[in-house]
Amino acid sequence: MHMKREFVRAVGLVVVAACLPLVADGADIRVIWANAGGDREFTNVDNWHTQTNASVHQLPGYAADTGNGDISNAIIQGSGPASLNSPFTPAYDFDVLIVRGSQTLNINADLNITNVPISVGNSGSTDTVNHSNGVVTASALSIYTTNCTYNMSSGTLALVTGNIDSGLMNQSGGDVTVSNLYVGSDAVSNSAQYNLSGGTLTATSVTVRASGELRLTGGSLVKTPLIHNGDNLHIDPGGLLEISGGVHDLYGRIYNYGTVRVIGNAATIDLHQLPSGSGTYAFVLDADGVSTLDYDSWVATTNLTIDVDGSSYTGSDANIILMDAAGGLLNTSTLVNVSGFDDEYIATVVQDMDLDEVRLTIDHITGSVFIVR
């Protein structure tokens, strides 16, 4: 009887083992998108095949990655587009989900790859991810080349790291949460933009590098620093933060060595502290003014350049607050430029340490001036 029990246990172990993927240690378990099933559905196993055998169909993450390098990549590089219309959670984590070779991934359902990064683009290709629905959870999103784009119109994108090294991130809706966002690279020959026109972008730390542009035309950028005076918004020399619309809470300190540009008066901009730096704050007025940078703490403007462009201004006399420092205007800048106003205006930047504000005073000259000789 004892031997019979041991035999039953042994048979049971064999049956369980037979149900697991038979993958040798270090084996190549990459999968390639091929749309062999013909329906372009990401979750259809027939649309994927293994790197080593095109007749073997497996989904991304079908087996545990026990090796090193890129042996468990999931690659969309031909036969696109691929469309995720049903939720997908892999059986195992894999190295990276790659969209390259001028292909498109359409996301319309939940994609749960919490420990897996998404990579869009490679040299010479035009690659696109269209995210219109569903919750995408990934460890990182990287966009590597100029002609590559992630379009976010609805749904949720949750990341630890966002690296828009080159190319475009266009968010017109939905919710993006990211611990560390990097826009651009140190190579100024690259070009990278994060364009926020709708939805909410919530970030702990944001860095705009030399080739990067963070453009806020709508929606809401919310900085949520773990330490109120830390987890900064950092703009490298050559980098640009441009704000022309939306409601933004940019808490934490802003270290600007590039350019912060405010265009028109459609945006609401709340901030925390402004340490002195060597960057430029540019205010481009529309017909009747420009939005205020509203700080809940102190502002130091030493060594900052303040540029005001009044080319589009057609209003009358005005006092327009450019920076409001609730915690005090600590010092002033001598690097102030005012340009573009018609001759009928006299425009002056006043750095008022009594009222703790930097304001633009505009006097509109009316009537006729007679010169008596």
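The values are calculated or read from the model by the stated rules, or taken from the named source; none is laboratory data. Nothing here was measured: the structure is a model prediction, and the numbers come from that model. Because the Cβ atoms are built from the backbone with ideal geometry, glycine has one as well, and the counts that use them run over all protein chains shown. The protein model used for the area step is the full one, side chains on, heavy atoms only, and it has no ligands, DNA or RNA in it. Shrake-Rupley method; radii C 1.70, N 1.55, O 1.52, S 1.80 Å.
A few comments on the model shown:
- Highest-MSF residue in the chain out of F88, F283, F42 [GNM, Cα springs under 10 Å]: F88
- Note: relative contact order over region 76-150, using C-alpha pairs below 8 Å and six or more positions apart, is 30 percent.
- Nitroxide proxy distance, nm - points 7 Å out along Cα→Cβ at T161 and D343: 5.8
- Counting protein heavy atoms only, region 276-366 has 45 percent of its accessible area on carbon and sulfur, 1.4 angstrom probe.
- Per-residue ³J(HN,Hα) for region 36-49, Karplus 6.51 cos²θ - 1.76 cosθ + 1.60, θ = phi - 60°, Hz, x for Gly and Pro: 5, x, x, 9, 6, 7, 4, 8, 7, 4, 5, 8, 10, 9
- Length-normalised contact order for the chain - Cα pairs under 8 Å, 6+ apart - percent: 7
- Paramagnetic reach from D288 (point 7 Å along Cα→Cβ, amide N under 16 Å) across region 260-281: 264-268
- Share antiparallel - DSSP beta bridges, the chain, percent rounded to 5: 15
- Contact order relative to length of region 220-314, as percent, for alpha carbon pairs under 8 angstrom and 6 or more apart: 24
- Rounded FRET efficiency, nearest 0.05, which uses the C-beta distance separating S153 from A64 and R0 of 41 Å: 0.70
- Three-way shape call for region 175-325 based on the alpha-carbon gyration tensor, with the a/c threshold at 1.5: rounded
- Taking only protein heavy atoms and a 1.4 Å probe, the accessible area of region 148-225 is 45% carbon and sulfur.
- Computed over protein heavy atoms with a 1.4 angstrom probe, the accessible surface ordering of M152, M353, largest first, is M353, M152.
- A 1.4 Å probe run over the protein chains yields, for the chain, 44 Å² of accessible area per residue, whole-number rounding.
- With the alpha-carbon atoms of the chain aligned to their principal axes, the span from lowest to highest coordinate is 123, 43, 31 Å, starting with the largest.
- Rounded, prolate or oblate (a/c below 1.5 giving rounded, otherwise prolate when a/b exceeds b/c) for region 87-153 by Cα gyration tensor: oblate
- Distance in nm between pseudo-label sites at S191 and S123 (7 Å out along the Cβ direction from Cα): 2.0
- Shape call, region 116-211: gyration tensor on alpha carbons, a/c limit 1.5: prolate
- Derived scalar couplings ³J(HN,Hα) [region 98-106; Karplus, 6.51 cos²θ - 1.76 cosθ + 1.60; whole Hz; x for Gly, Pro]: 10, 10, 8, x, 6, 10, 10, 10, 9
- Dividing the helix sum by the residues of the chain, where each DSSP H run of 4 or more adds -39500 (n - 2.57), gives a mean residue ellipticity at 222 nm of -1500 deg cm²/dmol.
- Pairwise alpha-carbon distances in region 240-341 exceed 16 Å for 55% of all pairs.
- Measuring r between the beta carbons of T334 and N112 and using R0 = 56 Å, the FRET efficiency lands at 0.55.
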